[in-house]
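The values are calculated or read from the model by the stated rules, or taken from the named source; none is laboratory data. Everything numeric in this text was worked out from a predicted model, so none of it was measured. With ideal geometry, Cβ positions are generated from the backbone for all residues, glycine too; neighbour counts draw on all protein chains shown.
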Amino acid sequence: MKELHNHFINNNRRNFLKKTGLCIGGLALGSMLDPFGNQKSDPFSVISNNLNLPHFAPKAKRIIYLFQSGGPSQHDLFDYKPKLNEMKGIDLPESVRMGQRLTGMTSGQSNFPLVGSAANFKQYGEARAWVSDLLPYIGKISDELCFIKSMHTEAINHDPAVTFFQTGSQQPGRPSMGSWLSYGLGSLNKNLPDFVVLLSRGTGRPKGQPLYSRLWGNGFLSSLHQGVQFRSAKDPVLFLKNPESLSKQERRKMLDYLSELNEEQEKKFGDKEVSNRISQYEMAYRMQTSVPETMDISDEPENILKLYGPNANKPGTYAANCILARKLIEKDVRFVQLYHMGWDQHSDLPMQIKGQANDVDQPTAALIMDLKQRGLLEDTLIVWGGEFGRTSYGQLQTSLSKEDLRVIKAGKYGRDHHPRCFTIFMAGAGVKPGFSYGQTDDLGYNIVKDPVHVHDLQATILHLFGINHEKMVYKYQGRRFRLTDVFGKVKHDILS
């Protein structure tokens with residue numbers, strides 16, 4: 001009779017509803033605590049790295065890095081130096097240069113005539129930031145920006161300099177910043193990669209320095225964390241579509257069988273890359289739906305397209321990529337990397353930089369304001385800048401002569417690479433708006449106040465994501481590696 005009594009108590013309507021409610025609540029709580037099921041023994045889930053990140057409350061959730069490849073000339077864009085115009089054609093004093101390292105393109109010059117900017121500068125906004133007339137749209141939003149005018153690096157040529165910014169090392173083979181963030185913080189959207197790369201080529205020098213896929217590579221980290229390039233062609237991601245003869249159902253069956261084989265392989269050899277490959281196949285399957293939807297900007301309102309400028313509808317342009325970056329951020333992609341090539345102006349800089357600046361001016365300002373009006377700028381970090389700056393003296397073909405002086409006066413000159421000081425800007429999550437940090441000398445050749453090294457910038461970016469850059473490490477070949485190597489200090493003065 002006792003068993004029968006318990007049976008009726010446990011199966012009445014009130015008890016049934018009570019248990020059902022608890023189960024549904026438990027499922028909901030589990031979903032909130034682990035939305036992608038990463039804690040399950042699911043071969044398709046992201047593998048935990050046991051880093052217990054973030055270390056503290058983050059201010060940034062996502063980042064768009066607008067990398068200006070080639071080295072934008074700070075003298076013609078942000079770092080106003082009227083003294084250069086006053087001393088135009090006068091040789092750079094040796095007391096300023098102090099025998100500093102030069103590239104092979106100017107090391108043979110016996111003279112280094114100073115060259116001012118052909119652009120006009122004016123102050124914008126309440127912060128009275130100096131911006132040249134080459135960037136009027138960026139000037140108008142300067143109160144949203146934090147300018148760092150004292151960036152410096154050790155690399156003097158493009159490949160090691162770009163690699164240094166992206167990976168923390170001048171030598172190739174290290175994980176990129178996007179890979180480190182993916183490794184440390186994981187995914188926000190299981191249907192898209194954590195780290196997406198978009199490329200565009202500018203009008204300043206269209207056939208300038210190339211870029212290599214290792215810049216967004218995972219290095220010694222798991223291949224799950226490598227950047228995925230989205231292209232402007234018909235197929236945004238190569239080999240993502242099913243072959244014409246293969247249906248979606250057949251593709252699903254194939255992946256299931258392949259997964260079983262790979263699981264057997266993993267049990268036999270214990271190679272983690274096997275499970276990583278399974279996850280990548282599954283991600284590719286989900287991306288078949290999510291990528292075409294994300295890459296389609298046909299549903300963008302006319303006022304938004306107009307905001308980004310006349311090239312917004314042209315696939316592969318910087319403007320179109322800025323719209324895609326916003327869409328990717330809306331879908332919680334962690335790291336969006338835009339590379340815009342064409343800033344390497346060694347000759348005829350005044351003419352070339354006009355087109356290059358025009359490529360990026362309106363779309364950059366539009367992206368920042370678009371994110372702000374959607375409430376996304378509060379937790380999205382924007383970084384704009386190149387791998388180094390340009391010299392305050394003109395790059396010449398020969399030693400200084402009357403002909404060279406005529407060329408300089410006519411405005412047909414170039415500027416060589418200059419790692420000693422240059423300008424970048426940041427905006428958004430946790431960064432002081434309407435603020436300028438650091439200072440260079442009157443000739444824009446050396447830093448005189450508040451230097452910021454590449455590793456300092458990387459440490460500061462990680463800090464905004466709630467990461468102590470000294471504690472996010474990966475042991476490889478007997479050494480504990482980190483993005484900032486053994487350097488880097490967080491620049492708290494630029495943080496809000």
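For ALA427, state whether it is closer than 21 Å to GLY375 by Cβ and buried (at least 20 other Cβ atoms within 10 Å of the Cβ). Taking the combined requirement at face value, the residue satisfies it.
Listed by first and then second residue, the pairs with beta-carbon distance under 6 Å, at least 6 apart or on different chains, first residue in region 379-398 and assigned to a loop (DSSP other than H, G, I, E, B) and modelled with pLDDT under 95, second acidic (Asp, Glu) and surrounded by fewer than 24 Cβ atoms within 10 Å (Cβ to Cβ), are LEU396/ASP404. So, in region 242-264, how many residues would count as being in contact with a helix residue (DSSP H, G or I) (Cβ under 6 Å, 6 or more places away or on another chain) and free of Cβ contacts under 8 Å to residues at least 12 places away in the same chain? Going through region 242-264 one residue at a time, the tally reaches 0. Being in a loop (DSSP other than H, G, I, E, B) and either in contact with an Asp or Glu (Cβ under 9 Å, 6 or more places away or on another chain) or farther than 21 Å from ARG101 by Cα (or both) is the filter here; which residues of region 413-464 pass it? Across region 413-464, the qualifying residues are TYR413, ARG415, PRO419, CYS421, ALA429, GLY430, LYS432, PRO433, GLY434, GLY438, GLY444, ASP450. Taken over region 107-131, the criterion of being modelled with pLDDT under 95 and aromatic (Phe, Trp, Tyr) is satisfied by PHE112 alone.
Taking region 302-315 as the range and being surrounded by fewer than 15 Cβ atoms within 10 Å (Cβ to Cβ) and either of a type in the set (Asp, Glu) or outside any helix (DSSP H, G or I) (or both) as the test, the residues that pass are GLU302, PRO310, LYS314.
Name the single residue, out of those in region 265-279 being surrounded by fewer than 16 Cβ atoms within 10 Å (Cβ to Cβ) and within 17 Å of LEU255 (Cα to Cα), that is modelled with the highest pLDDT. The extreme case among them is GLN265. Set side by side, the residues ASP332, ASP361, ASP344, ASP299 differ, and just one is in a helix (DSSP H, G or I) and of a type in the set (Asp, Glu), which is ASP361. Residues in region 94-128 that are part of a strand (DSSP E or B) and more than 28 Å from the chain's Cα centre (by Cα): PRO113, LEU114, LYS122. Among the residues examined, LEU134 qualifies as part of a loop (DSSP other than H, G, I, E, B), modelled with pLDDT of 95 or more and not hydroxyl-bearing (Ser, Thr, Tyr). Among the residues of region 320-367, those that are of a type in the set (Gly, Ala, Ser) and either buried (at least 24 other Cβ atoms within 10 Å of the Cβ) or within 21 Å of GLN226 (Cα to Cα) (or both) comprise ALA325, GLY342, ALA357, ALA365. Restricting region 172-199 to residues that are surrounded by 24 or more Cβ atoms within 10 Å (Cβ to Cβ) and touching an Asp or Glu at 6+ places or on another chain (Cβ under 8 Å), the residue that is nearest to PHE67 (Cα to Cα) is GLY178. The sole residue among LYS59, LYS83, LYS88 that is surrounded by 17 or more Cβ atoms within 10 Å (Cβ to Cβ) and either touching a helix residue (DSSP H, G or I) at 6+ places or on another chain (Cβ under 7 Å) or assigned by TED's automatic domain parsing to the domain that holds GLY202 (or both) is LYS59. For region 120-134, a residue qualifies if it is out of contact with any strand residue (DSSP E or B) (no Cβ under 8 Å at 6 or more places or on another chain) and buried (at least 20 other Cβ atoms within 10 Å of the Cβ), and exactly one does: LEU134.
Under the condition of being more than 27 Å from LEU181 (Cα to Cα) and acidic (Asp, Glu), which residue from region 288-301 is surrounded by the fewest Cβ atoms within 10 Å (Cβ to Cβ)? So the residue we want is ASP299.
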